[in-house]
């Protein structure tokens with residue numbers, strides 16, 4: 001799972017509109033991974049998630065190893 005998720009990081013960072021794309025693993029729950037993403041616009045994020053070839057590849061292959069997906073929290077920077 002770590003390998004499959006890590007494989008989408010660099011291609012995602014190179015996408016137009018990407019500001020930040022980081023993968024973390026919970027220190028208290030090994031195997032629980034969290035992506036932190038920041039995009040210049042909703043359109044850039046949507047294009048990445050719906051049309052990125054590396055994301056499509058993950059959904060065709062690596063997603064089989066995902067036990068559970070939690071809803072994304074969309075945040076707005078305050079300061």
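Read-outs: derived from the displayed coordinates by stated rules, not from any lab. Because the structure is a prediction, the values reported are computed rather than measured. All Cβ positions, glycine included, derive from the backbone under ideal geometry; neighbour counts span all protein chains shown.
Residues that are over 12 Å from the mean Cα position of the chain (by Cα) and exposed (fewer than 10 other Cβ atoms within 10 Å of the Cβ): which helices (runs of 4 or more DSSP H) entirely in the chain hold 2 or more of them?
53-60
With the structure loaded, tell me whether residue 48 is in contact with a helix residue (DSSP H, G or I) (Cβ under 8 Å, 6 or more places away or on another chain) and on the phi < 0 side of the Ramachandran plot or whether it fails that test.
Taking the combined requirement at face value, the residue satisfies it.
Quick check: anything in the range 9-20 over 18 Å from residue 77 (Cβ atoms), out of contact with any strand residue (DSSP E or B) (no Cβ under 6 Å at 6 or more places or on another chain) and touching a residue at least 40 places away in the same chain (Cβ under 8 Å)?
Yes, some residue in the range 9-20 is over 18 Å from residue 77 (Cβ atoms), out of contact with any strand residue (DSSP E or B) (no Cβ under 6 Å at 6 or more places or on another chain) and touching a residue at least 40 places away in the same chain (Cβ under 8 Å).
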